1. For the subset of the stretch 20-47 comprising residues that are basic (K, R) and open to solvent by 90 Å² or more (accessible area, probe 1.4 Å), which member is farthest from the chain's Cα centre (by Cα)?
2. Under 7 Å between Cβ atoms, at least 6 apart or on separate chains: pull out the pairs that start in the stretch 43-72 with a residue that is among the aliphatic types (A, V, I, L, M) and end on any residue that is surrounded by 10 or more Cβ atoms within 10 Å (Cβ to Cβ).
3. Restrict the check to the stretch 67-81 and report whether at least one residue is over 24 Å from K18 (Cα atoms), part of a helix (DSSP H, G or I), open to solvent by less than 80 Å² (accessible area, probe 1.4 Å) and at pLDDT 85 or above.
4. Could you tell me whether any residue of the stretch 91-108 is within 16 Å of A14 (Cβ to Cβ) and either of a type in the set (A, V, I, L, M) or loosely packed, with under 10 Cβ neighbours inside 10 Å (or both)?
5. Determine whether E56 is surrounded by 12 or more Cβ atoms within 10 Å (Cβ to Cβ), within 20 Å of L78 (Cβ to Cβ) and modelled with pLDDT of 85 or more.
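The values are calculated or read from the model by the stated rules, or taken from the named source; none is laboratory data. Since the model is a prediction, treat every value here as computed from it, not as a measurement. Here the Cβ positions follow ideal geometry from the backbone for every residue, glycine too, while neighbour counts run over all protein chains shown. All accessible areas refer to the heavy atoms of the entire protein, side chains included, with ligands and DNA or RNA removed. Shrake-Rupley method; radii C 1.70, N 1.55, O 1.52, S 1.80 Å.
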Amino acid sequence: MLFLYFSMDCGRAAEQLKNNPRHKGYLEQVSLRQLEKLFSFLRGYLLGQSLAETMEQIQRETTIDPEEDLNKLDDKELAKRKSIMDELFEKNQKKKDDPNFVYDIEVDFPQDEQLQSCGWDTESADEF
């Protein structure tokens, strides 16, 4: 049974395990992302990869490259990237109950250089 989980996509295996009625009660507090990582570690081990190789592979799969063109991804990969971004947003979001929460922060950004104007926002209204 365990081999069946490792022959499929780690995300799908994690979903099946989490939704299995037999395990559901135990895995309620475990995020799907954590289960996916666990399956990735176990799969790497079963494939004979070292821990460092597996960790590097997981890091590549779970990190967003800011230079990557997301328009070129298929729907499955795009959904995966969006999920990673949502998780990162939730992790970094300041909530009202956080000790360092400040309402309505105003920040002045230094302007060392002259601002460059974009052509699209300098056209007059009569051109429309």
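1. Of the residues in the stretch 20-47, the ones basic (K, R) are 22, 24, 33, 37, 43.
Add one more test, that the residue is open to solvent by 90 Å² or more (accessible area, probe 1.4 Å), and what stays is 22, 24.
Details: R22: 28, K24: 24 Å.
Filtering first and then ranking leaves R22.
2. From the stretch 43-72, the pairs are L46/F6; I58/K37; I58/S40; I64/R81; I64/I84; I64/M85; L70/L78; L70/R81.
3. Taking every residue of the stretch 67-81 in turn, at least one turns out to be over 24 Å from K18 (Cα atoms), part of a helix (DSSP H, G or I), open to solvent by less than 80 Å² (accessible area, probe 1.4 Å) and at pLDDT 85 or above.
4. Initially, the stretch 91-108 is screened for residues within 16 Å of A14 (Cβ to Cβ), giving none.
Checked the stretch 91-108: no residue is within 16 Å of A14 (Cβ to Cβ) and either of a type in the set (A, V, I, L, M) or loosely packed, with under 10 Cβ neighbours inside 10 Å (or both).
5. On the way: surrounded by 12 or more Cβ atoms within 10 Å (Cβ to Cβ): yes; within 20 Å of L78 (Cβ to Cβ): no; modelled with pLDDT of 85 or more: yes.
So E56 fails the test.
Residue-by-condition table, conditions (1) within 24 Å of D86 (Cβ to Cβ); (2) at pLDDT 90 or above; (3) not in a helix (DSSP H, G or I); (4) not hydrophobic (A, V, I, L, M, F, W, C):
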{"residue": "A14", "(1), (2), (3), (4)": "yes, no, no, no"}
{"residue": "K18", "(1), (2), (3), (4)": "yes, no, no, yes"}
{"residue": "G25", "(1), (2), (3), (4)": "no, no, no, yes"}
{"residue": "G44", "(1), (2), (3), (4)": "no, no, no, yes"}
{"residue": "A52", "(1), (2), (3), (4)": "no, yes, no, no"}
